[in-house]
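Asker: The structure is given below, and queries will be raised subsequently.
The values are calculated or read from the model by the stated rules, or taken from the named source; none is laboratory data. The model shown is predicted, which means the values in this text are computed figures rather than measured ones. Neighbour counts are summed over all protein chains in view; Cβ atoms, including those assigned to glycine, are modelled from backbone coordinates with ideal geometry.
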Amino acid sequence: MPALTLPLSWPGQTIGLLGGSFDPPHAGHAHITREALKRFGLDAVWWLVSPGNPLKAHGPAPMAQRMEASAQVMQHPRVFISDAEAQIGSRYTAQTLRILRAARPGVRFVWLMGADNLAQFDQWQDWQEIMETVPVGVLARPDARTAARGSKAARIYAPYRLPGRQSQRLARLQAPVWCFVNVPMLAISSTALRASGVWTAASDG
Ligand SMILES: Nc1ncnc2c1ncn2[C@@H]1O[C@H](COP(=O)(O)OP(=O)(O)OP(=O)(O)O)[C@@H](O)[C@H]1O
Ligand SMILES: O=C(O)c1ccc[n+]([C@@H]2O[C@H](COP(=O)([O-])O)[C@@H](O)[C@H]2O)c1
């Protein structure tokens, strides 16, 4: 594989990875990113704009359109929008993490996700490998907290849950470790934005 073009990083840096379809990106993504920086004490967050979620039947809008919109929605000196998964040719988080950790040894990556994704996390490819190799930070999302708390992943990894009040330690701990933070919630979704017609896929993808 040719060398990856990634945002600047250095050993010991704590970087949250927010993978997403971002189809379209919205204020909810920006909100949880700012909360993750604060609550998990992260040095930076990278948005990993997905080539396409393997569990979603319909492909998203073209990568370039979603990358450009993401850069408009999320403007912060410590947040970077990355097409690393397109470069790698990966739609699977476990595979992406393997490659990023090899490419950036010593960086302390944290996988970030909304509570809705924890609820179906056990359907992801090699999800237990993800849990065993990187700390996971979960952010509250409207209507998803109960399902997340009762999920298979939450049950199996219950002994490794870091209390929310200790969230600042997450990035420095050795996996498996995960932390659910009860941040203020924004009821916004890409699904609702697509339905409202404010976002349509460009035809060249
Ligand atoms: N309003 C929100 N609150 C908390 N987490 C969110 C919110 N919106 C998105 N996320 C999280 O951001 C990540 C990327 O989400 P995604 O790009 O799929 O947006 P979405 O609004 O969930 O899209 P869709 O409605 O198409 O499923 C996921 O981990 C998701 O849980
Ligand atoms: O690895 C998997 O099997 C897998 C299954 C479903 C979702 N994901 C990842 O989860 C992230 C959130 O996806 P989405 O579509 O909910 O924004 C994104 O990075 C996806 O690639 C990953």
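Asker: Are any residues in the range 50-62 out of contact with any Ser or Thr (no Cβ under 6 Å at 6 or more places or on another chain) and crowded, with 17+ Cβ neighbours inside 10 Å, and if so, which ones? Even if it seems obvious, please write down each step before you answer.
Answerer: Of the residues in the range 50-62, the ones out of contact with any Ser or Thr (no Cβ under 6 Å at 6 or more places or on another chain) are 51-52, 54-59, 61-62.
Selection gives 51, 61.
Asker: Could you list, in sequence order, the residues of the range 11-34 that are away from ligand 2 (no atom under 12 Å from the Cβ) and part of a loop (DSSP other than H, G, I, E, B)? Can you show your working first?
Answerer: Just the residues of the range 11-34 that are away from ligand 2 (no atom under 12 Å from the Cβ), to begin with: 11-16, 27, 30-31, 33-34.
The answer is 11, 12, 13.
Asker: Restricting attention to the range 10-49, which residues are of a type in the set (Gly, Ala, Ser) and out of contact with any strand residue (DSSP E or B) (no Cβ under 6 Å at 6 or more places or on another chain)?
Answerer: Filtering the range 10-49 down to residues of a type in the set (Gly, Ala, Ser) leaves 12, 16, 19-21, 27-28, 30, 36, 41, 44.
The answer is 12, 20, 21, 27, 28, 30, 41.
Asker: From the residues in the range 189-205 that are surrounded by fewer than 16 Cβ atoms within 10 Å (Cβ to Cβ) and hydrophobic (A, V, I, L, M, F, W, C), which one is modelled with the lowest pLDDT?
Answerer: By that ranking, first place goes to 202.
Asker: Could you list all residues from the range 35-47 that are under 20 Å from residue 118 (Cα atoms) and not in a loop (DSSP other than H, G, I, E, B)?
Answerer: If the condition is that a residue be under 20 Å from residue 118 (Cα atoms) and not in a loop (DSSP other than H, G, I, E, B), then 35, 36, 37, 39, 45, 46, 47 are the ones that fit.
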